[in-house]
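The values are calculated or read from the model by the stated rules, or taken from the named source; none is laboratory data. Because the structure is predicted, anything quoted here is derived from the model rather than measured. Note that we place each Cβ from the backbone using ideal geometry, even for glycine, and neighbour counts take in every protein chain shown. Accessible surface is based on the protein model in full, side chains and every heavy atom, while ligands, DNA and RNA are left aside. Shrake-Rupley method; radii C 1.70, N 1.55, O 1.52, S 1.80 Å.
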Amino acid sequence: MFNKFILSVCSLALLVGCKKDNNNSPIDNGDTGLTGSFFLETSVKNGDQHRSGASYLQLITNPSGVIDNKKAEQVGLSSGRCAYGNEVYVFDVAPSPDSKKAVTKYRYNPAANTFAKDGVLEISSASDIAFNLVKASDTKAYMPLFFSGTVWIINPQTMQKTGEIDISSYAHQGNTPKPGYGIVRDGYFYLPLNQINDQWMPYDDYQQSDVLVINTTTDKVESLISEKTTGLAFPSLQMEEGMVFQNESHDIYVACAGYFGYNPANTKCGFICIPNGSKDFDTARSWDISTTAIEGLGYKPTSIYNCWYIGGGKALAYVAVGELIDPKNLMTSKNAVAVLIDLNARSIKKIDDIEPSSQEAISLRPADGYYLIGNSSASKRGFYRYDSSTGKATFAFATEGLPNFIHQFKK
């Protein structure tokens with residue numbers, strides 16, 4: 001089963017790409033201006049069709065130049081992660097041979113500038129995996145399991161499981177709706193359901209987006225809401241927090257990936273919205289961005305790989321461009337384009353000075369008053385610093401491995 005799963009992931013880049021990138025040498029031409037301490041995850045893959053390899057975790061301070069993995073902790077390839085303040089949760093549960101099937105909590109100590117393990121929660125089923133957890137409070141978080149059709153309730157302080165929610169009955173087929181990344185608003189946990197087949201594609205007979213509405217007091221599913229009007233599918237991604245977000249008015253937006261640009265007959269992708277004060281979709285706010293040309297490029301998007309809301313109705317994003325895909329090298333195709341999306345004006349603009357990246361490096365995170373954009377292009381591999389006030393991007397620092405994730409700690 002794991003081999004089949006890994007091959008499916010190799011087709012879609014949902015975890016980490018499975019074909020060797022031709023950009024193997026980091027380039028030190030950064031101008032960082034970044035200060036403080038950061039959690040960094042990179043990955044390096046082997047040549048066995050990339051069924052093996054490793055991810056690397058480390059604490060870095062005032063990053064510049066080239067960041068290598070000499071002082072990093074090695075974990076299983078394709079490990080997921082999420083961060084809250086000075087806490088980082090690493091999901092070493094991906095289907096790789098050296099996976100520990102556990103979620104490890106790390107804590108940053110600003111006084112000592114150290115980063116250490118602070119608890120472990122084992123996944124009881126050897127065939128299941130988790131990608132994220134979403135906090136409802138300091139002592140309660142929801143952690144969807146991908147294959148069993150359950151959501152674990154855990155105490156993130158003690159790293160103990162305290163409950164479980166069965167969501168298997170909401171699957172379109174099989175026993176799991178394959179949950180994505182959720183968000184908590186006003187006492188409810190909104191959990192998008194990917195509803196995808198074994199090839200990690202939306203079902204052809206199920207062109208819609210589902211979201212479970214779970215009461216955080218009772219831990220009961222109150223409703224399943226579905227956006228069927230636009231045909232947008234694959235709401236949120238399991239490892240990308242920014243694919244579901246709230247704006248200043250507390251409207252929830254969910255980015256939908258669709259078919260990742262691999263289905264020329266269906267390029268639909270975009271955003272759906274659950275307005276503040278409602279527990280259902282407002283289809284008038286749904287937006288299929290595949291009908292909008294990218295300013296500065298001309299092509300139209302065929303998928304959303306990642307996004308991060310930056311305020312004022314705008315979001316940074318990586319979108320797929322079908323015309324840039326190399327059918328012989330899907331994973332290493334430089335077809336992920338960094339853009340600025342204006343949800344209010346419904347416009348998309350390419351960010352100048354950032355070359356198209358492979359799908360393996362699409363991290364988007366705030367840092368130091370700026371935003372850091374991971375990238376693995378034909379010439380660079382590392383992070384750009386984006387200034388939202390000027391719209392300018394500057395290459396900040398390079399990484400030895402693929403730049404999968406970065407998070408700035410609080411001082």
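Can you name the residue in the stretch 332-363 that is more than 19 Å from Cys269 (Cα to Cα) and hydrophobic (A, V, I, L, M, F, W, C) and is also modelled with the lowest pLDDT among such residues?
Checked the stretch 332-363; the qualifying residue modelled with the lowest pLDDT is Ala361.
Are any residues in the stretch 99-115 modelled with pLDDT under 95 and open to solvent by 60 Å² or more (accessible area, probe 1.4 Å), and if so, which ones?
Across the stretch 99-115, the qualifying residue is only Lys100.
Looking at the stretch 205-223 only, could you name the residues that are open to solvent by 70 Å² or more (accessible area, probe 1.4 Å) and either closer than 27 Å to Ala141 by Cα or touching a Ser or Thr at 6+ places or on another chain (Cβ under 6 Å) (or both)? Walk me through how you get there before you give the answer.
First, the residues of the stretch 205-223 that are open to solvent by 70 Å² or more (accessible area, probe 1.4 Å): 205, 217-218, 220, 222.
The answer is Thr217, Thr218, Lys220, Glu222.
Name the single residue, out of those in the stretch 129-152 being under 15 Å from the mean Cα position of the chain (by Cα) and not hydrophobic (A, V, I, L, M, F, W, C), that is surrounded by the fewest Cβ atoms within 10 Å (Cβ to Cβ).
Here the answer is Asn132.
Wholly within the stretch 257-372, which strands (runs of 3 or more DSSP E) include no fewer than the required count, namely at least 2 residues that are surrounded by 16 or more Cβ atoms within 10 Å (Cβ to Cβ) and of a type in the set (Val, Ile, Thr)? Show your work before the answer.
On the way: elements: 270-274, 303-311, 314-320, 336-342, 347-350, 364-367.
In the stretch 257-372, 270-274, 303-311, 336-342 are the strands (runs of 3 or more DSSP E) which contain 2 or more residues that are surrounded by 16 or more Cβ atoms within 10 Å (Cβ to Cβ) and of a type in the set (Val, Ile, Thr).
Looking at the stretch 79-93, can you tell me whether even one residue there is open to solvent by 20 Å² or more (accessible area, probe 1.4 Å), within 22 Å of Arg381 (Cα to Cα) and not in a strand (DSSP E or B)?
Initial filter on the stretch 79-93 (open to solvent by 20 Å² or more (accessible area, probe 1.4 Å)): 84-87.
Okay, now just the ones that are also within 22 Å of Arg381 (Cα to Cα), so none.
The answer is no; no qualifying residue exists.
State which residue is farthest from Gly231 (Cα to Cα) when the search covers only the stretch 247-256 and only residues that are in contact with a strand residue (DSSP E or B) (Cβ under 9 Å, 6 or more places away or on another chain) and open to solvent by 10 Å² or more (accessible area, probe 1.4 Å).
Of the residues in the stretch 247-256, the ones in contact with a strand residue (DSSP E or B) (Cβ under 9 Å, 6 or more places away or on another chain) are 247-248, 250-256.
Pick out the ones that are also open to solvent by 10 Å² or more (accessible area, probe 1.4 Å) and you get 247-248, 250-251, 253.
Values: Asn247: 23, Glu248: 27, His250: 24, Asp251: 21, Tyr253: 16 Å.
Out of the qualifying residues, it is Glu248.
Of all the strands (runs of 3 or more DSSP E) wholly in the stretch 156-204, which have at least 1 residues that are among the aromatic types (Phe, Trp, Tyr) and surrounded by 18 or more Cβ atoms within 10 Å (Cβ to Cβ)? It would help to see each step written out before you state the result.
Numbers: elements: 160-166, 183-185, 188-193.
The qualifying strands (runs of 3 or more DSSP E) are 188-193.
Restricting to the stretch 392-411, name every residue that is part of a strand (DSSP E or B) and under 14 Å from Leu34 (Cα atoms).
Keep residues of the stretch 392-411 that are part of a strand (DSSP E or B), which gives 392-399, 402-408.
If the condition is that a residue be part of a strand (DSSP E or B) and under 14 Å from Leu34 (Cα atoms), then Ala393, Thr394, Phe395, Ala396, Phe397, Ala398, Ile406, His407, Gln408 are the ones that fit.
Kindly list the number of the only condition in (1) within 30 Å of Thr114 (Cβ to Cβ); (2) over 16 Å from the mean Cα position of the chain (by Cα) that fails for Pro366.
(2)
Which of the numbered conditions does Ser389 fail, given that it passes all the others? Conditions: (1) in a strand (DSSP E or B); (2) open to solvent by 10 Å² or more (accessible area, probe 1.4 Å).
For Ser389, the failing item is (1).
Return the residues of the stretch 370-380 that are within 15 Å of Pro63 (Cβ to Cβ) and either of a type in the set (Phe, Trp, Tyr) or modelled with pLDDT under 95 (or both); say none if nothing qualifies. Step through it out loud before you land on a result.
So in the stretch 370-380, the residues within 15 Å of Pro63 (Cβ to Cβ) come out as 370-375, 380.
Within the stretch 370-380, Tyr370, Tyr371, Lys380 meet the criteria.
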